[in-house]
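The values are calculated or read from the model by the stated rules, or taken from the named source; none is laboratory data. Note that the structure is predicted; figures quoted are calculated from it, not measured. With ideal geometry, Cβ positions are generated from the backbone for all residues, glycine too; neighbour counts draw on all protein chains shown.
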Amino acid sequence: MSGTHSRVRERVDRDDTVVSPSRAKAAQKAIVAWFDRARRDLPWRRTKDPYAVWVSEIMLQQTRVETVIPYFERFMGRFPDVEELARADIADVLLAWSGLGYYRRARGLHAAAREVVSRYGAKFPRTTDELRTLPGVGEYTAGAVASIAFGERAPAIDGNVMRVVGRYIGLRADVGSTEAKRAVRAACEALVPPVRPGDFNEALMELGATVCSPTSPDCPSCPWRRSCRGVELGLDAVAGGPKKRAAVPRVKLIAAIVEREGAVLLARRPLDGLFGGLGEPPLAEGPLPRARTTFARAGIELHGKPGPRSVEHVLTHKVLEVKLATARADAPQSLAPYTDLAYVPRSQLQATPMSTLARRLVRVSFADA
Ligand code: SF4
């Protein structure tokens, strides 16, 4: 192909993704009408209170709606407004979050609540630009809160919206590329309507969750089926088309289960990072001799080999395979990466901020007790 031809082809490919005003209008009408019919009745959809919208949006990141519902209801019961959340101790916030995963979100929520109170007198900022200055609030969350709670005509683009809109405009560029992000943002800016922008954004999220799923989009049920470029081109040909999940790495760990006089040894994770700020039975990477040496340096002595019981914990990017080994620790010392080690009475475990993995480890360890 000559240089001139490839330049023409590139231009055609790029222009393919542009959403004209008439197409945008038809798409807005179709998806909002569909949303009015098909929307699920979710607790955070019964209000436009920016605090509730914000909490729900943070909880819904990387987490399924069904999982979030009970957490959201409990959290709103415990911290009903931004001032209550700002006043709370971080340990209480982590406890309320315990089991929901991605704990950095809870820390961000708490820090942002304090800023809303100190900088804005407990009144939520109304624009995407102001919202974005809060801890843990990125472009997506700012757009979602500003559009849903305050009616700002702002896009809210997360991974789901990238996929749905990428398919709708027949995007060929790799979804992670700058070109793709630019094309989807331009399409969303054209698509988000001046009237009911929040409902449009919620409709798009709902479409991604219930119809235009990652692996098996239900195109015949989709309000966009007649104008979807992805369908026209064949979904395999576009970015965001149904793909098989890549295999995730497996990490082998040994958990030291130490009990002394009715108390369990827990190690606390550093605040930033996986399971930040939460307690868990001390973990070390296997194989066994390596884990044994790591624990020994911290004054934790494993009894023989790990028992037959193990726990498999699936995270987004890896699977943790944890074998349980009973151990003894008379004078436990520091163990990287933990910030501290302490015995917690078993009666207080329920009230201690711990991850789901940690609770499973404790449950399995003491199943017979
Ligand atoms: S028609 Fe199919 S691919 Fe296109 S947006 Fe709808 S569900 Fe997704």
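If the Cβ limit is 9 Å and pairs must be 6+ apart or interchain, which residue in segment 200-220 that is among the charged types (D, E, K, R) pairs with which residue that is more than 8 Å from the ligand (Cβ to nearest atom) and in a loop (DSSP other than H, G, I, E, B)? Short answer, once both residue conditions are applied: Glu202/Arg39; Glu202/Ala156; Glu206/Arg39; Glu206/Arg40. For segment 300-328, filtered to residues that are closer than 20 Å to Glu261 by Cβ and touching an Asp or Glu at 6+ places or on another chain (Cβ under 7 Å), the residue that is surrounded by the most Cβ atoms within 10 Å (Cβ to Cβ) is Ala327. Scanning segment 175-228 for residues that are surrounded by fewer than 19 Cβ atoms within 10 Å (Cβ to Cβ), within 15 Å of the ligand (Cβ to nearest atom) and farther than 15 Å from Ala30 by Cβ yields a total of 8. For segment 146-172, the set of residues classified as within 15 Å of the ligand (Cβ to nearest atom) and assigned to a helix (DSSP H, G or I) consists of Gly159, Asn160, Val161, Met162, Arg163, Val164, Val165, Gly166, Arg167, Tyr168, listed by residue number. In this entry, Glu321 passes the filter for residues that are touching a Ser or Thr at 6+ places or on another chain (Cβ under 8 Å), over 30 Å from Asp89 (Cβ atoms) and of a type in the set (D, E, K, R). Set side by side, the residues Ala173, Ala154 differ, and just one is farther than 17 Å from Gln61 by Cα, among the aliphatic types (A, V, I, L, M) and without any contact (Cβ under 8 Å) to a residue 60 or more places away in the chain, which is Ala154.
In segment 290-360, counting only strands (runs of 3 or more DSSP E) that sit wholly within it, the ones holding 2 or more residues that are closer than 24 Å to Pro249 by Cβ span 310-314, 319-328.
Out of Cys212, Cys219, Cys228, one residue alone is modelled with pLDDT of 90 or more and within 22 Å of Arg45 (Cα to Cα). It is Cys212. The set of residues in segment 278-291 that are over 30 Å from Ile90 (Cα atoms) and in contact (Cβ under 8 Å) with a residue 24 or more places away in the chain comprises Gly286, Pro287, Leu288, Ala291. If you check Ala96, Ala91 for being surrounded by fewer than 16 Cβ atoms within 10 Å (Cβ to Cβ), aliphatic (A, V, I, L, M), out of contact with any Gly (no Cβ under 7 Å at 6 or more places or on another chain) and part of a helix (DSSP H, G or I), only one passes: Ala91. On the stretch given as segment 101-132, residues that are under 18 Å from the mean Cα position of the chain (by Cα), surrounded by fewer than 21 Cβ atoms within 10 Å (Cβ to Cβ) and among the hydrophobic types (A, V, I, L, M, F, W, C) total 1. If you check Pro135 against the conditions, is it at negative phi and surrounded by fewer than 18 Cβ atoms within 10 Å (Cβ to Cβ)? Considered against the rule, which asks whether it is at negative phi and surrounded by fewer than 18 Cβ atoms within 10 Å (Cβ to Cβ), Pro135 comes out as yes. Could we say that Ala255 is out of contact with any Asp or Glu (no Cβ under 7 Å at 6 or more places or on another chain) and away from the ligand (no atom under 16 Å from the Cβ) here? So Ala255 passes the test. When Glu280, Glu285 are checked against the criterion of being touching a Ser or Thr at 6+ places or on another chain (Cβ under 9 Å) and surrounded by 15 or more Cβ atoms within 10 Å (Cβ to Cβ), a single residue qualifies: Glu280.
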